[in-house]
Amino acid sequence: MNREIVDINDFTILLEEAKADKQVVDSCLFDEAVIAIAFYGAGDVGLQVKYKGKTKEFHHTKGMVLSFYADEHVEFAHHVSPNKPLQCLVIATTIRNLDKLPNGEDVFMEKFLGQLVHPVDHYVEGPIFHMTPEMYILVDQIFKNTHQDQLKMMFYKSHMTALLSHYFGYLASQKSVGLDSTQLKQMHLAHEILISDLENPPTLTELAHRVGTNTNKLKRDFKTQFGVPVFKYLQNERLKKAHALIKNEEKTIQEAAWAVGYDSLGSFSNAFEKKFGYRPSQV
């Protein structure tokens, strides 16, 4: 397990990565009450939030953005297993520091995260959604950072600011678009269905039927929620999984291609290069 804590202005950045040969539980608690936004990268670990005899569970965390208020009575328990490593980035601040934030983030927090700024319990949830492609790129770059000392701090500061701007920009766009709770549940169910079977995904018609909508609404609402069309999102997830299989599990290019549903090695290699900028043989 690797945990790094970085203080930037009146924000604290927590970077946490963990891998395990068998299933383990990695717990995290905060020393004082915080308002936080957690971005989950690769791994799809299980998460339990425990406080005062209550438990909230999340079973599909890969790509999830979770905003919350939590005090010292709240425990975050991540269930890490060999095929589900933990990769979590948390940006946190305290209520007493809100008016000290450097870029006017307190205004955005009051506007979009008011329930966290004025909590009514030990644990309060704000908006929960999945990262846009821009957020994915920034989070991935932060975990792959190789800078040291002052350059690292400059890198973290710039990426944290960019990540928060995309985060609040997304909330602003959602507020104007106005997806209701039923639509949000349908789109998150569609997302779970897609990532549960990357090799043999359903057709658009099948997916729409399974989540209780029609294909036109599915295409429109999915793009609104996740920033890209359904099968562009699916392709991105396939290629990211293939990259991990080649790099981390030493699968051959052919094995990785088959594992994510590509029959043509040429099509796989071309799509891979278009996304990552290099051929799979160069991983």
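When only Cα pairs below 8 angstrom with a gap of at least 6 residues are kept, the stretch 1-68 shows a relative contact order of 25 percent.
As a calculated quantity, the FRET efficiency between Val107 and Glu32 at R0 = 25 Å, using C-beta atoms, amounts to about 0.65.
Report the charge-dipole magnitude of the stretch 112-242 in Debye, nearest 20, computed about the Cα centre from +1 at each Lys and Arg Cβ and -1 at each Asp and Glu Cβ. The partial results should precede the final answer.
Details: 14 positive and 12 negative charges, 74 e Å.
With Lys and Arg at +1 and Asp and Glu at -1, about 360 debye.
Kirkwood Rh over Cα pairs of the stretch 166-276 into Stokes-Einstein at 20 °C, 1.002 mPa s: D in µm²/s? After rounding, the answer is 141 µm²/s. Full extension of the segment from Val25 to Glu72, taken as 0.36 nm per residue of separation minus the current Cα-Cα distance, would add 15.0 nm. With neighbour counts taken as other beta-carbon atoms within 10 Å, the residues Ile253, Ile37 rank, fewest first, as Ile253, Ile37.
Of the GluC sites (Glu not before Pro) found in the stretch 175-225, those in coil by DSSP whose Cβ has at most 14 other Cβ atoms within 10 Å are Glu199. Once both labels are positioned 7 Å from their Cα atoms along Cα-to-Cβ, the gap between Ile137 and Lys185 label points is 3.5 nm. Taking the Cα atoms of the chain, the ratio Rg/Rh between the radius of gyration and the Kirkwood radius comes to 0.96. Oblate is the label for the stretch 40-97, because a/c, from the alpha-carbon gyration tensor with a ≥ b ≥ c as root eigenvalues, is 1.5 or above and a/b does not exceed b/c.
Simple spin-label estimate for Met1 and Thr215 gives 4.8 nm between the two label positions (7 Å along the Cα-to-Cβ direction from each Cα). Available extension along the chain between Ala244 and Ser173 is 22.4 nm, counting 0.36 nm per residue and deducting the alpha carbon span. On full extension, the segment bounded by Lys100 and Asp263 gains 53.2 nm, given 0.36 nm per residue less the C-alpha separation. Which whole-number percent is the relative contact order of the stretch 131-220 (Cα, under 8 Å, 6+ apart)? Relative contact order here is 20 percent.
Can you give the angle from 0 to 90° between the axis of helix 230-248 and the longest principal axis of the chain, with both taken from C-alpha atoms, to the nearest 10? Here the helix axis deviates by roughly 90 degrees. Using only Cα atoms, tell me the angle between helix 149-177 and the longest principal axis of the chain; keep it within 0 to 90° and round to the nearest 10. The two axes meet at around 80 degrees. Let me check against my output: what whole-number percent is the relative contact order of the chain, with C-alpha pairs under 8 Å and at least 6 apart? Here the relative contact order equals 14 percent.
Every number here is computed from the coordinates shown, using simple stated rules; none is lab data. Worth saying up front: this structure is predicted, and the values here are computed from it rather than measured. Virtual Cβ from ideal backbone geometry, glycine too; neighbours counted across all protein chains shown.
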